[in-house]
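One structure is given below, encoded as structure tokens.
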Amino acid sequence: MVLRFNFTLGLVLVVLVVLGAILAGHVAPYDPIMDADLMSSEMPPSWEHWMGTDGQGRDVFSRVLYGARVSLTVGLISQLINSVIGTSLGVSAGYFGGWWDDFVNGLTNVMLAIPSLVFALAIMAVLGPGLPSLLIALGLTNWSWTCRIARSSTLSLKNQGFVQAAKTAGFGDLNIMRTQILPNILGPVLVIATLGIGGAVLSEAALSFLGVGIRPPQPSWGNMLSDARELIRTAPWAAIFPGLAIFATVLGFNLLGDGLRDMLDPHMRTRKA
Amino acid sequence: MSDLLPDPILSVRDLRLGIGSSHRILHGVSFDILPGEAYGLVGESGSGKSVTGLAIMGLLKRPLTVTGGTIHFQGRDLLGMRPRERRQLRGDRIAMVFQEPMTALNPLVTIGRQIAEMFVIHRGMGWPEARRKAVEALESVRVPAPEERARAYPHQLSGGMRQRVMIAIALACRPDLLIADEPTTALDVTVQAGVLELMADLCRAEGTAVLLVSHDLGVIANMCQRVGVMDRGRLVEEQDTRNIFTNPLHPYTRGLLASRPRLGSREPGQRGRLTELEEVVAAKDRGRDMPTLITPRGPRLVEGAGA
Amino acid sequence: MMRFILRRTLQMIPTMLAVVLIIFVIFSVVPGSFITSLMSEGRNATNAQVLTHLNEQFGLDQPLLVRLWNYLWGLAHFDLGISYRTREPVWNVIEPRLWPSIKLALCAMGFAAVVGIPLGFLAALKPGSVFDSGTMVVAVSGLSLPEFWFGLLLMYVFALNLGWLPSFGYQPGSIRHIILPAIALGVSPMALLARTTRAGVLDVMNADFVRTARAKGLAEPRLVRSHVARNVLVLILTTMGLQIGALMGQAIVVEKLFSWPGIGSLLVDSVSVRDIPVVQGAVLVIVLWFLVINMLVDITYALIDPRIKVG
């Protein structure tokens, strides 16, 4: 029951964030970039400004809502890219074996040796700041675990014989991979992807915080935190709320991912309960 | 009837076991074991024979609980005891040997230390002396080169050796009752006989009573004076071992005997098992004549039958 | 054992080479570098000449493969190149940053272990209890927490408001300065350790040999001490080791936040000014740290678990 509570909470959080992102245009009381009133900068939370204003007089609440768009976009798309890369490499490596398998293994080991933030940082340095660069950078960074799982699942499926059976029946390689292997690995891949969305949101926030991700004045929770650093004494709310948003989003996806994992692996479920 | 017999060392009465209040596993099992006697409990998987042994030891895992009945050991009520008292009996007066020698020992601790631990906890010995006794124990279970073996780790020993170590641990404190749960099932056929013989010899020499749980009537026949047959949580027949082969009384027992693989026959066991058991099941459904406890003294209805 | 170490060390080399290759290739795509950013004001003949001269000096006018070969040759002689910005050898720039980063990683891990392991242990000994659920909630929260936000909050509360601890800077030998960054960095590993420890203890408690130990009549405390703890230790050490290996890379943001003079903040600074040789050097050091720690973990594993055959 604790597990279902976790899963439900995660779902609620994620839905809230998604709604916030989608409806930002309608719900946000102010424009996140243009409505900058220096006269009312660094104002604490009030009825006019639910989360207060930042150093430029912009409404924090509106910026948080629009920031959700960035975070979710980065999270979902980069994870999609990760999953595609990881699955293709992993399944093909497990399926065909041989030198391709060795190559993919070596590549995965190398990728695992480079901390993801470092790698993403390096790529951002090359591509320059901005949303497209973030998508590419994060998309290229976190596919290793997906690849591992895809590969080991493919190997175990191969050993179970029905791949062999399908081959004998005359099915082509691509067909087999699509119809036999893919459906079976979808579960674990989904779990990793869900947990990975949380990680991608954190990475995007970190990169934007460092100044190499989304540049101001475009609101991103990360760069909002960076701006709020100087104001921490006078306007702590400018730092509290964006960070809280990151926390809630990542927590939501983590709980969701954990819940999915426990649902897919009944053995694990009885152990944790 | 029992006036000439000594008091039983173990007395199980109407033992019930289950998960929660809905799922019953044991439906009221009763039997006695006399001091120094070897008693066999036979049945198929799921008959409840293993959990009976675990219940006596007090090693039932959560959700399983005892829901009724009593277990008396040397006249003492095991189920009513405080956990601490019960723990003190474990290993010292009642010991158990399990089925899987491969996983039953701690892989990170030497054999010698795992045996010596018995002496340290139950006899209050210091470690050096306990280690010496451990080597003696290894000798008694006929493990060659005992000093070397004492320094070895479990993974360095074969399955048969490990089971001998388990026996050494179990008999270290010369318990009054040894419960052996399928002790040779996981072993190679070639070493099974040796391990069983060892157990039989040692227990006979010390006067240790044995509760031998197995699905294999042959194993039980070699060692036990009396046998109890279990079917789906009930004890359905109890006889001297000699007689049970020649004169099985309960249809279930007959089915069990018929399903044993016999040397020389084609397709041993399998086909026999299906047809015989089908017959048994059909007979039960027809006559609703189960469960009756059939003893040499005549059929006796078990309490709670028909529930 | 020595053969094992040698073998593992040799195994690191291809990985390092691959990392060098990848980083090199990535940065050769960079349209500009620190050099060109120096020349940002206007273009005239003099500036172009200086640019060409600088390019020559740093060997940037050579084709990619030649540059790569030169770099690898330099690596073989432990020469990491020259910083574009300060004209010093890259190693001289990196070296003073090493110990602060290592210290921070070790302290963060220390915090994580001291809090996380007991938490996970106790949670596993009472599975399904309120304490257990509570601990797991804390754990998943710790994993979801952005460490720079948490660090900022810590800074706000403890440094700026309460004034107990300094909010930035580094004094060798000072404990006060390392507390806040270590805690901020350590929350995530702490959460992971708590979860892993709990899972490990539960696994062991359900193992057959623990049932045997109970059958022997062992009391819980001795059981846990002699049988459970030892067997979980392997899992815990492995997790801790892997975390320490990854911490140097994860410390980037915390280092920047607390102005901690470590490799992470060096990396960020160098990336923003495009001081490529330093970036390459820093990445190499971080990866090397990870690989060496992994090897140490494997060695420790082999020492503890008698089942592992070494050499």
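Rounded to the nearest 20, the Cβ-based charge dipole of region B:101-172 about its Cα centre (Lys and Arg +1, Asp and Glu -1) stands at 60 debye.
State whether region C:86-239 is rounded, prolate or oblate according to the following rule on the C-alpha gyration tensor (a ≥ b ≥ c being the square roots of its eigenvalues): a/c under 1.5 gives rounded; otherwise a/b larger than b/c gives prolate, and the remaining case gives oblate. Here region C:86-239 falls in the prolate category.
Listed peptides C:287-293, A:169-175, C:93-99 appear in the order C:287-293, C:93-99, A:169-175 once ranked by packing, highest mean of other Cβ atoms within 10 Å at the front.
Exposure proxy for B:Arg123, B:Arg131: other Cβ atoms within 10 Å of each Cβ, ordered fewest to most, give B:Arg123, B:Arg131.
Return the average number of partner chain Cβ atoms within 10 angstrom of each residue Cβ along peptide A:104-116. Taking all residues of A:104-116 together, the mean is 5.
Partner shielding of A:243-252 amounts to 4, given as the average count of beta-carbon atoms from other chains within 10 Å of each residue beta-carbon. For region B:101-172, taking the reciprocal of the average inverse distance between every pair of different Cα atoms yields a Kirkwood hydrodynamic radius of 11.6 Å. Take each residue of peptide C:135-146, count the partner chain Cβ atoms within 10 Å of its Cβ, and average: the result is 6.
Rounded if a/c is under 1.5, else prolate if a/b is larger than b/c, else oblate: which is the protein assembly as shown, with a ≥ b ≥ c the root eigenvalues of its Cα gyration tensor? It is prolate, given that a/c is not under 1.5 and a/b is the larger ratio.
With the dipole of chain A worked out from charges on the C-beta (+1 for Lys and Arg, -1 for Asp and Glu) around the Cα centre, which of A:Ala28, A:Trp221, A:Met39 lies farthest toward the positive end? It is A:Trp221, whose Cα lies furthest towards the positive end. Counted over region B:156-238, the DSSP beta bridges are approximately 45% antiparallel. Over the Cα atoms of region A:1-117, the radius of gyration divided by the Kirkwood radius equals 1.22; this is the Rg/Rh ratio.
Computed over region C:174-276, the convex hull of the alpha-carbon atoms projects to a mean area of 8.8 nm². Under a 5 Å amide H cut-off, with hydrogens placed 1.01 Å from N, B:Leu211 pairs with B:Tyr39, B:Leu178, B:Ile179, B:Ala180 among residues at least 5 apart or on other chains. Note on the protein assembly as shown: antiparallel DSSP beta bridges, both residues inside, total approximately 60 percent of the bridges counted. Highest mean packing comes first when the peptides C:149-161, B:13-25, A:85-97, B:228-240 are listed by Cβ atoms within 10 Å, giving B:228-240, A:85-97, C:149-161, B:13-25.
Its relative contact order, with pairs defined as Cα atoms under 8 Å and 6+ residues apart, puts region B:101-172 at 44 percent. Rounded, prolate or oblate, given the Cα gyration tensor of chain A, with a/c below 1.5 counting as rounded? Because a/c hits 1.5 or more and a/b exceeds b/c, chain A counts as prolate. Residues A:Trp237, A:Trp143, B:Trp127, ranked from the fewest to the most other C-beta atoms within 10 Å, line up as B:Trp127, A:Trp237, A:Trp143. Going from the fewest other Cβ atoms within 10 Å to the most, the residues A:Leu112, C:Leu145, C:Leu21 appear in the order C:Leu21, A:Leu112, C:Leu145.
Read-outs: derived from the displayed coordinates by stated rules, not from any lab. Keep in mind that this is a model prediction, so the values were computed, not measured. Cβ atoms come from the backbone with ideal geometry, glycine included; neighbour counts cover every protein chain shown.
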